[in-house]
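Here's the structure, in C-alpha cells; my notes come after.
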Amino acid sequence: MKYLRPPTGAGLRVALQLLLASGVVFAVGESADAYMSIRVPLGSAGQGLPVRWDLNNTAARPNIANRRVLYEIGDLGTRDAGGFTGPVNEFEAVQNSFAVWRDVNESEIDFEFNGATTNAVSNATDNRNVIRWVDSNIASGVFAVTITTFDTTTGQIVDADMELNDRDFTWDTLGPAGTTGSIGRAMVENVVTHELGHFLGFDHPANSQSTLFFASSPGLIDQTTLEIDDRAQLLSDYTSPTVTDPTLGTVQGSVSDVSNPRFGVGVTLIDVSTGRNVIGHVTEGTPGPFMLGSFSIENVPPGNYLALALPIEKSALGSYYGSAFTAFYPTLHGLTVGAVGAPTYVKVAPGATVTGVNLTVPGGTQNPQEPDGNSGSATPIASGQSTVSTVSPATDEDWLSFTTTQPNQQVNIRVLSDAFGFSLNPTLTLYGTDGSTVLVSPDFGHPNFVSSANDIDANAFDVSGVNYDAEIERVMAAAGTYFFKVASKVGATSGHYVVLFEVSGVDTAADTHASVIASSVPGIAAGGAGTFTVTVTPRNIHGRDLNAPNTYMVELMDVTGAPTVLQTIPSGSTPFQFTVNALGTSQVKRYGARIDGQLIAAGVDVSHFGTLSLINSRIALLEATLNANGYDRIPVMVELRDGSGNPLPNSAIAVTLSTTAGTLDNGTTTGAGNVPAVFGADRGVWLIDLVAPTNTGTATITAFANAQQIDSKQVSILARAAGTGGGPAGDGGGGGNDDDGGGCVAGMGGTGFAFLALLMGVAWRRRPGASGK
C-alpha cells in the first residue's frame, strides 16, 4: 500500500476510499457522478445487478426480522466516551444515525437494534450486522470502513459490518438537537450516517450537498441529514408501498459523442433558482429498460434545471463502471463547449416525466475563452447565460464582462466547481466600471466567515472546504460595464467550473414551471355562502417574483378535468387574487392558472366538503417504530374526511389524541391523554408527534374528533441502543493519508459472495484539474 502524506499545514479533506476484502486499499479520486449505487457486473458494459437488501427474505437472512434490518453495536464503544461534549453516548448516536435513514416516509427501509455485543465479527458472512470501534487492523487515517457482503448471482446483501477508527481519531457526538460540531473531532453521527448509505448498497455521488459525498473532515456535521440526492435513491430502491410523493418527476435522455452513444457518463441537474447541484445519475448500458447511453433520473423535485454531462472517476467506483466513457469535456445541455450562451432548460412539472434531454459531448483537452486573463480580453456574458470553463494552470485567471442598463439592477454570479467534485476551489472577484474591486467571494475577512471554513457550509471546519464554491449577489448602483474574475482560491488548485449569471429586471417573461398558485384555505364547507381566495404569482425562469411595473393577463382555471376558465384579470400587476365561492356539492376541485395564455404547471387542490364521517377519517403513521430512548419521535397525522371520502380540513373541529405508551407533543403541550393536535393549514390535516418512552413495548394511539373516536393505530417501541462504553478520552484526531492506488473491485469470497468495503479516510486534495478527466 502506498500512502502520500500532505505537506505540513496543507488543507485536509476526508475522501472515501475502497478496498478489497483481502485488505488491498484503493483510492477514491474525485467522483463526478451522482445518484450512484453498488452493482454486480454481469459481463458487458452497463449490465449489472443493484446491490440491495431483500426485506422479504427473512427465512434465509437471520439478520432481517419483521422486514427490518437488524444490527448490533460493539459493547465497548469508543475510548473517547468519557470526554464527549455531546449530550448522548456513542450507542445512541449510532441509533440516531439509523433513524435518519429510517425516517424517510416514502421509503420502506427500517432497522432494529439487536443489542450490544461482546463478540467480535467472526467473518463477513456470519449474518450479523455489527457496528464497532476498533484500534487496530484498520488503515491509518481512515474514519471508518463498511464491509458489505452480497450474493453475486442476485445482488442481495447478506451481511454488512462497520468499523470505526478509535486509534487515529477523537470521537464526539452531536445529539438530536445539535447544530455545531466539535473542531478536530470525528462526529459519530456524521460518519455513521454516511456509512449507512453504503450499508444499504449506495455509492458516492459527486454532489457536495449529499450525505454520500466522498469528502468530509473532523468537526463536520453536514452529513448527518439526507439531501435530495440521497433520498432519491432511497425512494427508488426501497420504495414504500403506501406513502408516495406525487410531486416528484423524472428526467430521461441520452449522451453520445460525435457518433456513438456512451455508457457511464455522469448527468447531474443544477437548480436554476438556487445554483445547487440537486440530483443526477449516469448513462446506462444494455439490456434493460434503457438503451446504451441513456439515463433516467428519478424522484426529481419540480423546477427548472440545467443538465450537465461530466466524466465520472472510474478509479473511485466498482468494476461495473470500468468501461465508462470519460474522454470528454463537461458540457451543459444546449450549450456548445467554449461558448457563453443560453443553455436549454430542463423544465420538470409536478409528477411529470421529461424526455429528450440528449447531450453530445466533445473531446476532453480544452480550455475555453483563452486568452481571457485581464479586463481587456474579458468574455462578455448576459443575463440568463452560462458557460463551462477551466482554470488551468492554478495561476490562470478567467475574466468576464457584463453590462447593466439602468441604475440599481441586482446581479447574481455563481461559480460552481466543488459542487460537482471538480478540483477547483474558486475565488470570484467583482470589479467596478473603473476597475476597482467591489466584492470578493469568499470574503475571508467578513465577521460571519467561520475561521477555517467555507462560505457555504457555516458549520464546516476544513480549510479546503467540502463545497468551496463562490457566489456574489450585488446591487449595481449605476448602469455600465462591469467585470468579474474567476481564479483559484489561493493559486493552489485548478479544474473545471460552471458560471451561472443573472441580472434582475431583464427576464420579465412569466415561466410556466416557476410561477405558483396558492389557496387561502385547504377546504371549505360545500353548500354554504363561504368564499376563499386563490393567489397567482408570476415568476421568471430563475424563480424571481415578477412584481410591478410588469403587467400580465392572468386567468383562474378549473383543471380538475379539461381546463376551463373561471375568472380573468385582463391586465394587472401582483398580487393577482381571485375570490372563489364554495360549491354546492361536496367534491375536490383543482385550480390552476394561465398567464398571458400559458397554462402554468402548478395547481392547488381545495376540498369542498360535506359532513364529518367517523368511519372515513383516519390516523396516518408516517413511521411504524420508535427507539426506547425517551426522545425518538415519529409524526402522527390525522385526516378527517366526509361521507364521500373528501378531505375535511375544518379547523373548527377539535382533534385530540391519547397514547398508551410514550407522550404526545404538539409543540406547546405534552401528555399521554387528550392532547390537542395542531391543524396544518397548508395540508389540511392535524399533526402531533409521538415521543418514545424509555421502555420497550407497544404504543396504541387513539384519535378523537369533537370527542368522538375515529381511529387507533399501534407503534412498536424497540430496544434502546446501549452498551458499557469505555475508557478515558483519547488524544487522536487528524491523520493525513491519501492512498494513490487504483479502483473499487468486488473481491470474491467463495460460495458466490463478494465483499465490498468502503472507507472514509483523511486525504489531501491532490488531483490536478486536467481536461478529459
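Okay, here's what the table says:
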{"read-out": "Neighbour-count ranking [beta-carbon atoms within 10 angstrom, fewest first] of F483, F199, F113", "value": "F483, F113, F199"}
{"read-out": "Region 516-609 - percent relative contact order, Cα under 8 Å, separation 6 or more", "value": "37 percent"}
{"read-out": "Anisotropy class of region 539-593 from Cα gyration tensor, a/c 1.5 cut", "value": "prolate"}
{"read-out": "Proxy reagent accessibility, fewest Cβ within 10 Å first, across S520, S256, S571, S617", "value": "S571, S520, S256, S617"}
{"read-out": "Length-normalised contact order of region 34-139 in % [C-alpha pairs under 8 Å, at least 6 apart]", "value": "31 percent"}
{"read-out": "Whichever aspartates and glutamates have a C-alpha closer than 13 Å to that of K314, once near sequence neighbours (fewer than 8 apart) are set aside", "value": "E30, D33, D203"}
{"read-out": "For T702, net neighbour charge (Lys/Arg +1, Asp/Glu -1) across residues whose Cβ lies under 10 Å away", "value": "0"}
{"read-out": "Under 5 Å, built H, 5+ apart or other chain: amide partners of L622", "value": "M637"}
{"read-out": "Environment charge at A526 (Cβ cut-off 14 Å; Lys +1, Arg +1, Asp -1, Glu -1)", "value": "+1"}
{"read-out": "Sparsely packed trypsin sites (Lys or Arg not before Pro) within region 206-314, loop by DSSP, other Cβ within 10 Å at most 10", "value": "none"}
{"read-out": "Qualifying aspartates and glutamates (Cα of each under 19 Å from Cα of K347; at least 8 residues distant if same chain)", "value": "D229, D245, D271, E298, E502, D507, D511, D545, D596"}
{"read-out": "Simple label model, 7 Å out from Cα along Cβ direction - T353 to T698, nm", "value": "4.1 nm"}
{"read-out": "Residues N66 and L614, FRET efficiency given R0 of 41 Å [Cβ-Cβ distance, rounded to 0.05]", "value": "0.85"}
{"read-out": "Whole-Å semi-axes of region 612-718's equivalent ellipsoid (Cα gyration tensor)", "value": "24, 13, 11"}
{"read-out": "Chymotrypsin sites (Phe, Trp or Tyr not before Pro) restricted to region 324-409 and DSSP loop, no more than 12 other C-beta within 10 Å", "value": "none"}
{"read-out": "Whichever aspartates and glutamates have a C-alpha closer than 19 Å to that of K589, once near sequence neighbours (fewer than 8 apart) are set aside", "value": "E555, D558, D605, E639, D642, D682"}
{"read-out": "Gain on full stretching of the segment that runs from S571 to T239 - 0.36 nm per residue minus C-alpha separation", "value": "114.9 nm"}
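Readers should treat all values here as calculations from the given coordinates under stated rules, not as data from a laboratory. Here the structure is a predicted model, which is why all the values come from computation and not from measurement. Heads up, the Cβs are rebuilt from the backbone with ideal geometry, glycines too, and the neighbour counts pull from every protein chain shown.
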